[in-house]
Amino acid sequence: MAAMGEVCFSLPLWVEEYLTSFDFAATDEERMALVIGAARRNVREDTGGPFAAAVFESATGRLVSLGVNLVVPRGLSMLHAEMVAFALAQERLGSYDLGGPGVAAHELVTSTEPCAMCLGATCWAGVRRVVAAAGDADARAVGFDEGPKPADWVAELAHRGIAVRTGVMREQAVEVLREYRRRGGMIYNPGRRD
């Protein structure tokens, strides 16, 4: 157990092996294939929810961090894949701002559109671009509560200087969500309206 005031988490053991042959990805589709593959592996290894996300250096396609959903195994609601990817990237680069002065432009590639929490984090993480596969409705269709997001979240990010591309390899990402449900994966916080 962590000391009072300290939160620790680590990625599942399979992640290091999964990334051994990966160096960089030139296209959105190559980047998304890595992310969806990680989401699928997270489900099949029973190490978390059906979501993965990565931070890439935009110009080079160099992988900075890969995050997978760790909510259930770690018992921490904040450990969504995007939050894990942001935390690991910021730690690796030594900056809370992934788009600050003297820092190369970075982007978030995520297997499912950001939920309300991850959307907020995206605004402050400093990424200049978001690439998403499955949509909000796809996550809700299997039972996940994505929270109160703006109806036009893409325009909200664009207003903040963050470009967005959605629907990249959507069907592959949706299949991971469905596989998780078929396997009886826990749907945490389903549609809470306290």
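Points to keep in mind about this one:
- Contacts under 6 angstrom Cβ, first residue in the stretch 74-91 being closer than 17 Å to A116 by Cβ and small (G, A, S), partner assigned to a loop (DSSP other than H, G, I, E, B) and at pLDDT 95 or above, 6 or more apart: A81/F51; A81/N69
- Applying the set (1) over 18 Å from V176 (Cβ atoms); (2) among the aliphatic types (A, V, I, L, M); (3) more than 15 Å from the chain's Cα centre (by Cα) to M78 leaves exactly one unmet item: (3).
- Residues that are among the aliphatic types (A, V, I, L, M), assigned to a loop (DSSP other than H, G, I, E, B) and surrounded by fewer than 17 Cβ atoms within 10 Å (Cβ to Cβ), drawn from the stretch 130-186: A151, M186
- Among the residues making up the stretch 89-102, those that are modelled with pLDDT of 90 or more and either assigned to a helix (DSSP H, G or I) or surrounded by fewer than 18 Cβ atoms within 10 Å (Cβ to Cβ) (or both) are A89, Q90, E91, R92, L93, G94, S95, Y96, D97.
- Selection count where residues are within 24 Å of R128 (Cα to Cα) and either surrounded by 19 or more Cβ atoms within 10 Å (Cβ to Cβ) or touching an Asp or Glu at 6+ places or on another chain (Cβ under 9 Å) (or both), scope the stretch 37-77: 19
- Just one of (1) in a helix (DSSP H, G or I); (2) touching a His at 6+ places or on another chain (Cβ under 7 Å); (3) farther than 28 Å from G184 by Cβ fails for M117. It is (3).
- Pairs linking a residue in the stretch 1-25 that is under 29 Å from S58 (Cβ atoms) and surrounded by 10 or more Cβ atoms within 10 Å (Cβ to Cβ) to a residue that is acidic (D, E) and modelled with pLDDT of 90 or more, with Cβ atoms under 8 Å and 6 or more positions apart or on different chains, are P12/E45; W14/E45.
The values are calculated or read from the model by the stated rules, or taken from the named source; none is laboratory data. Computed from a prediction, not measured in an experiment: that's the story for all the values here. Here the Cβ is made from the backbone with ideal geometry for all residues, glycine too, and neighbour counts use every protein chain on show.
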